[in-house]
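The structure appears right after this line, and notes come after that.
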Amino acid sequence: MLVTADTFTNVSHCLPEMVVNLMFLLQVIKVYSEDNTSKAVEVPSDVTAQDVCQLFVLKNHCIDDHAWTLFEHLSHLGIERALEDHEYVMEVLSSWAMDTDSRLYFRKNYAKYEFFRKPLDFFPDHMVSISSETNGMVDHCDLIQTFLNSSTCPEIHGYLHAKEQSRKSWKKSYFVLRRSGLYFSNKGTSKEPRHLQFFADFSDSDVYTVLAAKKLHGAPTEFGFCVKSTKCSSARDLKLLCADDEQTRTCWITAMRLLKFGMQLYQNFIQPHQKQKASPMRSISENSLVAMDFSGQKSRVIENPSEVLSVAVEEGLSWRRKSCHRLSGHGSPSTAQSSVISASAIHVAQPWFHGKLSREESHRLIAQQGLIDGVFLLRDSQSNPKTFVLSLCYMQKIKHFQILPVDDEGELFYSLDDGQTRFTDLIQLVDFYQLNRGVLPCKLRHHCARITL
């Protein structure tokens with residue numbers, strides 16, 4: 001190719017246009033974490049919530065368990081919601097009013113798709129039926145399918161408190177959620193068309209959780225949620241609702257998400273699993289792993305399963321002893337004292353340990369990351385500085401279990417059941433209850449994680 005002066009002239013004329021196009025395609029967004037640290041990143045204009053989550057998972061070397069979620073937090077309205085994985089982030093940001101403290105948060109949400117796995121935990125019998133269009137009762141096995149199928153229509157019904165427009169008072173009414181929208185009855189529990197009044201639809205609206213519903217809006221309970229139009233920027237325009245308990249609120253919000261997004265939610269749910277099946281790398285590497293013994297002059301493959309298990313246990317104990325030595329080897333007065341110090345310090349670096357977190361803060365953190373069975377964290381006890389507390393979610397309620405130190409002839413152990421089951425450190429305790437329920441109502445499944453961006 002012959003390069004002439006005309007060639008450079010043509011390229012120079014094109015460059016400004018190319019730069020403008022690149023500036024148009026790339027946008028800068030700011031994302032916050034649990035501890036309110038933030039990071040600004042450059043993203044394409046068609047970036048989805050899932051794309052942003054993947055970006056931060058890679059940047060922060062997080063374990064990608066498909067629970068990371070982008071949250072829209074509108075401080076001036078006191079509301080927030082989890083963005084669906086397929087939603088375009090720039091479209092969400094374009095709906096924000098100027099000069100308002102609106103933020104995107106990157107955090108865990110273990111409950112995001114849990115209703116696909118355990119629908120009965122989300123939809124109590126007394127709140128669900130099939131609408132008159134199908135003339136039948138709902139089959140629990142096909143409950144989710146009725147939401148995804150456009151020819152059928154599950155009906156959610158029950159009492160809710162609604163904030164009356166332009167007034168401070170709340171009124172309890174019987175509500176009905178159908179594919180055509182949300183209605184309330186002006187005559188008891190009647191579902192006759194003449195008694196049902198339209199409340200909201202979801203074609204151009206989203207459902208949000210209301211934060212501090214009692215304080216901000218004088219709600220009768222803290223289980224508030226609302227329907228907000230994408231064009232709404234004022235608290236006066238929010239359609240505020242309040243449930244009597246967490247299970248009821250979760251049922252309504254989940255049903256509204258399913259009715260709005262339908263099959264797209266199911267596609268979001270199965271997409272990560274399809275990617276895992278498509279990539280055989282993990283299964284090949286796992287199948288190629290063998291147990292080896294390097295203790296003698298020659299290495300050998302360990303074929304006996306019992307021996308493999310005992311070696312694994314010994315390796316774990318050896319790692320703990322080395323870690324303890326590193327943590328407490330700075331001028332410790334004696335071996336006995338250093339072992340006590342190390343046993344009490346080895347858990348500090350674990351992602352499930354949250355230090356001096358208060359009871360109220362632990363409630364907030366677990367609720368934010370998903371009120372499903374097995375979500376947990378460990379923290380220091382506020383009432384007794386020598387003990388720890390396990391905070392665990394079960395049946396959408398948060399329970400607290402005290403972990404007591406047990407002294408046995410100078411050796412320190414930890415126990416949840418008054419010394420019947422003892423553990424040398426908190427890591428061993430967590431490992432055990434992740435595999436065994438023991439005295440707990442359920443196994444430990446998902447730990448609450450906090451990261452700094």
Item to check | Amide proton proximity set for ALA219, modelled H, under 5 Å, gap of 5+ | outcome: LYS214
Next on the checklist: Once R0 is set to 22 Å, what does the formula 1/(1 + (r/R0)^6) return for the Cβ-Cβ distance between LYS397 and HIS126, expressed as a FRET efficiency to the nearest 0.05?
Outcome noted: 0.70
Checklist entry - Within the accessible area of region 103-261, what % is carbon and sulfur when the probe is 1.4 Å and the other protein chains stay in place? => result 49
Item to check | Unsatisfied cross-links (Cα-Cα over 20 Å) in the set LYS118/LYS239; LYS168/LYS239; LYS108/LYS228; LYS171/LYS191; LYS39/LYS231; LYS118/LYS443 | outcome: LYS118/LYS239; LYS108/LYS228; LYS39/LYS231
Checklist outcome for this item: Carbon/sulfur accessible area of region 28-79, % of total, 1.4 Å probe, equals 52
Checklist outcome for this item: Residues whose built amide H sits under 5 Å from the amide H of ILE403, excluding neighbours closer than 5 in sequence, are PHE388, VAL389, LEU390
Checklist entry - Which whole-number value in Å² is the accessible area per residue of region 388-453, probe 1.4 Å? => result 51
Checklist outcome for this item: The set of residues whose placed amide H lies less than 5 Å from the amide H of ILE398, leaving out same-chain residues fewer than 5 positions away, is none
Checklist entry - Residue by residue through region 65-70, which ³J(HN,Hα) values in whole Hz follow from phi under the Karplus form 6.51 cos²θ - 1.76 cosθ + 1.60 (θ = phi - 60°), with glycine and proline marked x? => result 9, 6, 9, 5, 9, 9
Item to check | Computed accessible area, TYR159, all protein chains, 1.4 angstrom probe, square angstrom | outcome: 110
Item to check | Pair LEU148, GLU361: separation of 7 Å Cα→Cβ label points (nm) | outcome: 4.1
Checklist outcome for this item: 1/(1 + (r/R0)^6) with r = Cβ-Cβ of ASP418 and LEU216, R0 = 45 Å, i.e. FRET efficiency to nearest 0.05, evaluates to 0.55
Checklist entry - On full extension of the chain, what length is gained from SER169 through MET90, given 0.36 nm per residue of separation minus the C-alpha to C-alpha distance? => result 24.8 nm
Checklist entry - Accessible area per residue, 1.4 Å probe, Å², for region 23-99: what's the number? => result 49
Item to check | Calculated from backbone phi, Karplus (6.51, -1.76, 1.60) coupling profile of region 221-237 in Hz, x at Gly/Pro | outcome: 9, 8, 8, x, 8, 8, 9, 10, 5, 5, 8, 7, 10, 10, 5, 5, 8
Checklist entry - Tally Lys/Arg at +1 and Asp/Glu at -1 over every other residue whose Cβ is under 13 Å from the Cβ of GLY370; what's the total? => result +2
Item to check | Solvent exposure ordering (accessible area, 1.4 Å, most first) of ARG364, ARG178, ARG167, ARG236 | outcome: ARG236, ARG167, ARG364, ARG178
Checklist outcome for this item: Summed over the other residues with a beta carbon less than 14 angstrom from that of GLN197, with K and R at +1 and D and E at -1, the charge totals +3
Item to check | Spin-label pair VAL28/MET263, simplified geometry with 7 Å Cα→Cβ offset, distance in nm | outcome: 4.1
Item to check | Difference of contour (0.36 nm per residue) and Cα-Cα distance, ASN436 to GLN350 | outcome: 29.0 nm
Checklist entry - Short version: ³J(HN,Hα) in whole Hz for each residue of region 260-265, in order, from phi by Karplus 6.51 cos²θ - 1.76 cosθ + 1.60 (θ = phi - 60°), x for Gly and Pro, what are they? => result 6, 9, x, 4, 4, 5
Checklist entry - Counting only protein chains, not ligands or nucleic acids, how are GLU72, GLU87 ordered by accessible area (probe 1.4 Å), most first? => result GLU87, GLU72
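The values are calculated or read from the model by the stated rules, or taken from the named source; none is laboratory data. What you are looking at is a predicted structure, and each value in this text was computed from that prediction instead of being measured. No Cβ is skipped: glycine too gets one built from the backbone with ideal geometry, and neighbour counts run over all protein chains shown. Note: accessible area is taken over every heavy atom of the protein model, side chains too, but ligands, DNA and RNA are not part of it. Shrake-Rupley method; radii C 1.70, N 1.55, O 1.52, S 1.80 Å.
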